[in-house]
Amino acid sequence: MSAARTVSEIAAAIGGVIEGDGERLIRGVVGLELAGPEDISFLANRRYTTIFRACNAGCVLVGLTEPNAGQTIIRCEDPYLGFARVLELFHPRRVHAPGVHPTAVVEPAYGGLPAAEVDGATVLALAFVGAGAKVGAGSVLHPHSYVGIGAHIGTDCVLMPGAVVADGCVLGDRVVLNPGAVVGGEGFGFVPSKQGLYKIPQTGRAVIGDDVEIGANSCVDRAAIGDTVVGNGTKIDNFVQIGHGATVGDHCLMVSYAGVAGSTTLGDGVVMAVRSMVLGHLDIGNGVQVGAYGLVTEDTPAGARRSGIPAIDHHRWLQVAAATPKLPDLAPELAGLRRELELQRGQIAALQSELKSALKSALADRPGDAGNTKPESK
């Protein structure tokens, strides 16, 4: 944590406007409920307005139109973004000196492969960089991270402990792999045969764009042929699976346990909520949003919102979800209506039979219908 800062210094760093005591000293960043006179907090949701009014924070980041109740505040266009920047201010990332730890392995040239290149990068204890790999300046490889043969890591990347970039795979610049993330694991491809499941060699790559973050224990599989691609600025949470040959566009958001099956394409700005899934060989348009636990089974146009299993239009799904809890109560009523309907059908059948009988009798009693005798001739 960095040293204390004045409200004025904080406002200048995030581009905000002060109302109140600009010389007040701030030592920490805390939530509204726990903030004290030397803390800064933020208000980004109107549900917490009452807490904001009663809080003891030394300063609060608020929106441009939030009324001031006499507190020291910093107005900013987006208080939540301001909060993130203030956290960076008070909790700057550790800066590592470039170099290779004595227990790390950076492979020399061998077998026709050139030596690994790590100039300007930091390779910490027990990390591994394979022959022919390149690690860009400013990148940090934490202990037990792995960069395979011929892989390419851009500048200012961070591979946390246990992160893997498999042979031949590519990370752009400023990529973050959280612990246990795997880029370039074997794609799940097998051919059924008489002898069992025959493995399809996974000869392609996984290619990650710039400014991507991949969460702990998430996997981006290499393609059988060609590339599995994750676009620039996409953020992937923990325990996410991206299948072989899939393409994920720029600035997508994939929350925990989301999954994209092989050979599917997600457009730019797609949002997949927790445990949502997209089946293989589909085309998902730009800006599509898939709700929690949603299962997309067909191509989806740009801007659509889908929820449910199988996923349907979100508003239609809300209607279905609202009606579902009422179904048990409707069952007895429906059974009663069915019995009443069957009774009415029986009554109608009986009336029809009576009408037929009455009509037959009436026709038999009409004059001239008793026989076919002709009148006597004179």
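Quick note: the coordinates plus some simple rules give every number you see, no bench work behind them. Owing to the predicted nature of the structure, the values given are computational and were not obtained by experimental measurement. Every residue, glycine as well, gets a Cβ built from its backbone with ideal geometry; the counts of neighbours run over all protein chains shown.
Test of understanding: ordering Arg27, Arg339 by Cβ neighbours within 10 Å, fewest first, what list do you get?
Working: Arg27 17, Arg339 10.
The most exposed by this proxy come first: Arg339, Arg27.
Nearest 20 debye, what's the magnitude of the dipole of segment 1-81 about its Cα centre given +1 on Lys and Arg Cβ and -1 on Asp and Glu Cβ?
On the way: 7 positive and 10 negative charges, 36 e Å.
Value, rounded to 20: 180 debye.
Give me the net charge for the shell around Ile312: Cβ to Cβ below 12 angstrom, other residues only, Lys and Arg +1, Asp and Glu -1.
Working: positive: Arg305, Arg306, Arg316; negative: Glu298, Asp313.
That sum, taken over residues with Cβ under 12 Å, equals +1.
Which of Phe42, Gly287, Ala84 sits farthest toward the positive end of the charge dipole of the chain, with +1 on the Cβ of Lys and Arg and -1 on the Cβ of Asp and Glu?
So the residue furthest toward the plus end is Gly287.
Explain nothing, just the number: dipole magnitude of segment 99-320 about its Cα centre with +1 on each Lys and Arg Cβ and -1 on each Asp and Glu Cβ, in debye rounded to the nearest 20. Write down the numbers at each step before the final one.
Numbers: 11 positive and 19 negative charges, 127 e Å.
The dipole of segment 99-320 has a size of about 620 debye.
In deg cm²/dmol, rounded to 500, what helix-only [θ] at 222 nm does the chain give when every DSSP H run of at least 4 residues adds -39500 (n - 2.57) and the total is split over its residues?
Numbers: 5 runs with 74 residues, N = 378.
Helices in the chain give a 222 nm mean residue ellipticity of -6500 deg cm²/dmol.
With both bridge residues required to lie in segment 5-90, what share of the DSSP beta bridges run antiparallel, to the nearest 5%? Don't jump to the answer; show the numbers that get you there.
Values: 5 of 13 bridges.
Within segment 5-90, antiparallel bridges account for around 40 percent of the total.
Just to be sure I understand: of the beta bridges DSSP finds with both ends in the chain, what percent are antiparallel, rounded to 5?
Antiparallel bridges: around 15 percent, rounded to the nearest 5.
What order do you get for Thr264, Thr103 when you list them from fewest to most C-beta neighbours inside 10 Å? Each step should come with its number before you reach the end.
Working: Thr264 22, Thr103 11.
Sorted ascending by nearby Cβ count, the order is Thr103, Thr264.
Choose one of Gly20, Gln352, Pro332: the residue whose Cα lies farthest towards the positive end of the charge dipole of the chain (beta-carbon charges +1 Lys, Arg; -1 Asp, Glu; about the Cα centre).
Gln352
Quick check: Cα centre of segment 170-237 to Cα centre of segment 37-85, how many Å?
So the separation of the two Cα centres works out to 41 Å.
Which of rounded, prolate, oblate describes segment 1-91, given a ≥ b ≥ c as roots of the alpha-carbon gyration tensor eigenvalues and a/c under 1.5 marking rounded, otherwise prolate only if a/b is larger than b/c? Please list the in-between numbers first.
Values: a/c = 1.38, a/b = 1.27, b/c = 1.09.
It is rounded, given that a/c, with a ≥ b ≥ c, falls under 1.5.
Using +1 at the Cβ of each Lys and Arg and -1 at the Cβ of each Asp and Glu in the chain, identify which of Gly150, His251, Thr297 lies farthest towards the dipole's positive end.
Towards the positive end, the residue furthest out is Thr297.
Considering the alpha-carbon set of the chain alone, what are its Rg and its Dmax in angstrom?
In Å, with Rg to one decimal and Dmax whole: 35.0, 143.
Roughly what % of Cα-Cα distances in segment 200-285 sit above 17 Å, to the whole percent?
37
Using a cut-off of 11 Å between beta-carbons, work out the net charge of the residues near Val290 (Lys and Arg +1, Asp and Glu -1, Val290 not included).
Numbers: positive: Arg275, Arg305, Arg306; negative: none.
Local charge sum for Val290: +3.
Leu61's amide H: which non-local residues (gap 5+, or another chain) put their own amide H closer than 5 Å, with H modeled 1.01 Å from N in plane and none for Pro or chain starts?
Answer set, sorted by chain and number: Ser41, Phe42, Leu43, Ile74.
Average the reciprocal distances over every distinct pair of alpha-carbons in segment 99-320, invert the result, and give the Kirkwood radius in Å. Numbers along the way, then the final one.
Values: mean 1/r = 0.0562 Å⁻¹.
This gives a value of 17.8 Å.
Could you identify which residue out of Gly58, Gly262, Gly303 has the top mean-square fluctuation in a GNM of the chain using Cα springs shorter than 10 Å?
Maximum among the listed residues: Gly58.
Report the local net charge at Ala223: Lys and Arg +1, Asp and Glu -1, summed over other residues whose C-beta lies under 14 Å from its C-beta.
Charge balance in the 14 Å sphere: -2.
Hey, in the GNM for the chain with a 10 angstrom Cα cutoff, which one of Glu107, Glu298, Glu23 fluctuates hardest?
Looking only at Glu107, Glu298, Glu23, the largest GNM fluctuation is found for Glu23.
Counting DSSP beta bridges in segment 51-188, what percent are antiparallel, to the nearest 5? List each step's numbers first, then the result.
Values: 1 of 25 bridges.
Approximately 5 percent, going by the DSSP bridge assignments.
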